[in-house]
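> Okay, here's the structure, questions in a sec.
The values are calculated or read from the model by the stated rules, or taken from the named source; none is laboratory data. Everything numeric here is computed off the predicted structure, so don't read it as measured data. All Cβ positions, glycine included, derive from the backbone under ideal geometry; neighbour counts span all protein chains shown. Only protein heavy atoms, including side chains, enter the accessible area calculation; ligands, DNA and RNA are left aside. Shrake-Rupley method; radii C 1.70, N 1.55, O 1.52, S 1.80 Å.
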Amino acid sequence: MHASPPPPPRTTSPWPIVVQGAAALAAGMGVGRFVYTPILPLMRDQAGLSSALGANLATANFIGYLLGALIGIAAPAVVRSAAALRGSLLVLVGTLALMPATHDGVLWFVLRLVAGAASALTFVIAVSAMLTGLRAHAHHLVGWAFGGVGAGIALSGLLVVAVQAASTWEAAWLTCAALAAVLAALAWPLAPHRHAPEHSETVQRTDRPRTHRWFIALLASYTFEGIGYIIAGTFLVAAIQEGVPGRLGGGAWIVVGLAALPSCALWTRLAHRWSRPTLLLTALIIQAVGIALPALVGGPAPALVSAVLFGATFMGISTIALSIGAHLQVPRAVALLTAGYSAGQILGPLLAAPLLSHGYNRALLLG
């Protein structure tokens, strides 16, 4: 009598990692980093926030993000630490909850600085855990996990719109802190692999084509993208509310999030049919049109089209640019691109600040 063959190995479902990673990105980026955009008009109207201080608070968050990214680069063990991920999520929730506890611009600056660092660490650790945990599964699942950024933007934007109708800017920060806490709880089980193999950017160095010139062009492009996208990411809602009275501004930010949610999965699928440089060029052109549209054409329809075009491209551009950088096999390509992008985000609000005395349209055109 022949022994029955052993049962096939049991495969673990990838969806818990997708959900946990998406929740971490929703908390760290969608809420912790970008919730300032829909709350900015509320703080301007109710808390007396000046345009200059508003730009400075945005810059503080981006400086913190760069510092957090540099910590992740300098201390690789942090990227593989579940404790660091959970600590970053807790810090993030705390900084959101403390924003309405003061009217001091210096303290706001510090809180947004710390929030930026916590956002970066959350992003780096969560992405590392997702890429490792989903390595054996379809690549579009990573795209859906990245859609957590869009989900966080949409959910926090919806909360701010609801609070705006009935309450104050302080309540907006507190409700979004509660949202971040719920998302942090969902992300809590996400565990980076301590002994995960590092992504090799040095494989076949001797056989690598001379691609440094291409990489320099990509780095310059991605740095300028950091400048342009963050101007819209910071001031788009305020610009739309300035041009179209009512609640459309906050609603437009919800549309940005909804458009961003499936965008990474979509761009990932398109990369199977078209080259990534072609997709990058296409996405950058679409985004440029989207950012400029409300400054050139007034009315609610152009504002909503702008929100869709911006939301559908800003995360996709990051996904495509980083994948091109890794493909070129320049040592530490992803780290260099992230540093350039972060530097561009710091420069964006600083360059836009002198233009804000004339409204937001000139700032959007600069973007």
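> Hey, what angle do you get for helix 51-74 against the long axis of the chain, alpha-carbon based, 0 to 90 degrees rounded to 10?
Long axis of 51-74 versus the principal axis of the chain: about 20 degrees.
> Still on this structure, please answer the following. How large is the helix-only mean residue ellipticity at 222 nm for the chain, computed as the sum of -39500 (n - 2.57) over DSSP H runs with n ≥ 4, divided by its residue count, in deg cm²/dmol to the nearest 500?
-24500 deg cm²/dmol, from helical runs alone.
> Relative contact order for the chain: what percent, with Cα pairs under 8 Å and sequence separation of 6 or more?
Dividing the mean separation by the residue count of the chain yields 26 percent.
> Rounded to the nearest 10 degrees, what's the angle between the helix 169-187 long axis and the longest principal axis of the chain, both from Cα atoms, 0 to 90?
Rounded to the nearest ten degrees, it is 10.
> Can you give me the solvent accessible area of LEU309 with a 1.4 Å probe, rounded to the nearest 10 Å²?
About 50 Å², ignoring ligands and nucleic acids.
> Residue separation times 0.36 nm, minus the C-alpha to C-alpha distance between ALA52 and LEU266: what's the value?
73.3 nm
> Go through 63-69, 280-286 and give me the packing order, highest mean Cβ count within 10 Å leading.
63-69, 280-286
> So for the chain, what percent of the C-alpha to C-alpha distances run longer than 34 Å?
Above the 34 Å cut-off, the chain has 23 percent of its Cα pairs.
> How large a share of the accessible area of the chain, in percent, is made up of carbon and sulfur atoms when the probe is 1.4 Å and the other protein chains stay in place?
69
> Taking only protein heavy atoms and a 1.4 Å probe, what accessible area per residue, in Å², does segment 1-118 have with all protein chains in place?
Ligands and nucleic acids excluded, the figure is 44 Å² per residue.
> Please give the FRET efficiency for ALA83 paired with ALA343, using the beta carbon to beta carbon distance and R0 = 25 Å, rounded to the nearest 0.05.
It comes to 0.30.
> Relative to the first principal axis of the alpha-carbon coordinates of the chain, what is the inclination of helix 36-46, with its axis defined by its Cα atoms, in degrees from 0 to 90 and to the nearest 10?
It works out to around 20 degrees.
> Any chance you could check the Cα centroid distance between segment 327-367 and segment 299-322 for me, in angstrom?
If we compute the Cα centre of each part, the gap is 16 Å.
> Could I ask something else about it? Using only protein heavy atoms and a 1.4 Å probe, report how much of SER342 is accessible, in Å² to the nearest 10.
Accessible area of SER342: about 0 Å².
> Follow-up. Contact order normalised by length for segment 85-174, with contacts defined as Cα pairs under 8 Å and 6 or more residues apart; what percent is it?
Reported as a whole number, the value is 36 percent.
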